[in-house]
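One structure is given here, and the rest of the page talks about it.
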Amino acid sequence: DVKVTQSSRYLVKRTGEKVFLECVQDMDHENMFWYRQDPGLGLRLIYFSYDVKMKEKGDIPEGYSVSREKKERFSLILESASTNQTSMYLCASRGPYGNTIYFGEGSWLTVV
Amino acid sequence: AQTVTQSQPEMSVQEAETVTLSCTYDTSENNYYLFWYKQPPSRQMILVIRQEAYKQQNATENRFSVNFQKAAKSFSLKISDSQLGDTAMYFCAFTPLLYSGAGSYQLTFGKGTKLSVIP
């Protein structure tokens with residue numbers, strides 16, 4: 001059974017903290033994505049990666065960075081968390097030829 | 001860049017009735033996939049149905065079917081015999097066929113339609 005695992009479901013962090021959100025997939029997929037989901041705004045793409053060490057900015061990269069040192073792991077980093085980054089973060093990976101997409105369960109981040 | 005538009009933020013339907021959710025998209029790609037995803041309160045995204053752009057036949061999965069109009073760039077979802085468990089957010093998504101060009105890594109979602117099934 002294919003799986004995308006997000007290590008933390010619920011986090012509460014303080015303003016200014018560095019935050020790491022981890023995502024691991026076990027399907028040897030090359031493409032991985034980080035989205036944030038906010039009411040009324042749908043899923044907005046933060047960053048995506050198409051191979052190890054390769055990354056591209058999405059629609060809202062400001063305040064975020066990513067790391068892809070190994071194929072199975074794609075990390076989202078908030079260098080200095082701010083309250084407007086309180087949101088749900090979804091990781092996804094895409095199968096060969098793009099016809100299948102797998103999602104993690106989401107990570108709820110609250111910045112206080 | 002591709003865009004996906006869902007023009008109905010919220011909809012409701014009586015149990016056992018039929019409802020149609022609309023989705024339009026904009027792209028210059030010729031080969032791509034379209035998806036409808038369901039997100040219940042648990043927040044886990046569940047694939048409802050997938051359509052390959054090169055197939056003229058509309059996809060069907062049990063009570064779920066699509067009306068795919070490639071020329072009009074329209075991809076609506078029809079839910080027949082609505083059930084209480086269909087209550088969820090529904091997202092339309094677009095992705096080009098991988099390796100088809102520079103934009104082929106994009107995976108774009110609409111803003112979602114919140115569907116409520118009323119007993």
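What follows is calculated from the coordinates using simple rules that are stated; it is not laboratory data. Keep in mind it's a predicted model, so treat the numbers as computed, not measured. Cβ sites come from the backbone with ideal geometry, for glycine too, and all protein chains shown count toward neighbours.
What number, in percent, do you get for the relative contact order of chain B if the mean sequence gap of Cα pairs under 8 Å and at least 6 apart is divided by its residue count? Numbers along the way, then the final one.
Working: 293 pairs, mean separation 43.4, N = 119.
It rounds to 36 percent for chain B.
Which whole-number value in Å³ per residue fits the convex hull of the alpha carbons of chain B? Intermediate results must be reported in sequence, preceding the final value.
Details: hull volume 11.3 nm³, N = 119.
So the per-residue Cα hull volume is 95 Å³.
Give me the percent relative contact order of chain A, please, defined on Cα pairs under 8 angstrom at least 6 residues apart.
On the way: 294 pairs, mean separation 39.5, N = 112.
Relative contact order, chain A: 35 percent.
Report, ordered by chain and residue number, the lysines lying within cross-link reach of A:Lys71, taken as a straight Cα distance under 27 Å and ignoring same-chain residues fewer than 8 apart.
Excluding near neighbours in sequence, the set is A:Lys3, A:Lys18, A:Lys53, A:Lys55, A:Lys57.
Loop only by DSSP, 10 or fewer other Cβ within 10 Å of the Cβ. Give me the trypsin sites (Lys or Arg not before Pro) in region A:26-112 that pass, ordered by residue number.
Of the trypsin sites (Lys or Arg not before Pro), the ones in loops of region A:26-112 whose Cβ has at most 10 other Cβ atoms within 10 Å are A:Lys53.
In chain B, which longest range has no chymotrypsin sites (Phe, Trp or Tyr not before Pro) that are both DSSP loop (not H, G, I, E or B) and surrounded by at most 15 other Cβ atoms within 10 Å?
Maximal segment without exposed cleavage sites: B:1-53.
Tell me which GluC sites (Glu not before Pro) from region B:1-42 have a DSSP coil assignment and no more than 14 other beta carbons within 10 Å of their own.
Qualifying residues, ordered by number: B:Glu15, B:Glu17.
Can you give the percent of C-alpha pairs in region A:1-90 whose distance is more than 18 Å? Don't skip to the answer; put the middle values down first.
Values: 1717 of 4005 pairs.
Beyond 18 Å sits 43 percent of the P(r) for region A:1-90.
Please report, in cubic angstrom per residue, the volume enclosed by the convex hull of the alpha-carbon atoms of the protein assembly as shown. Walk me through the numbers before you get to the answer.
Details: hull volume 27.8 nm³, N = 231.
Cα convex hull per residue, to the nearest whole number: 120 Å³.
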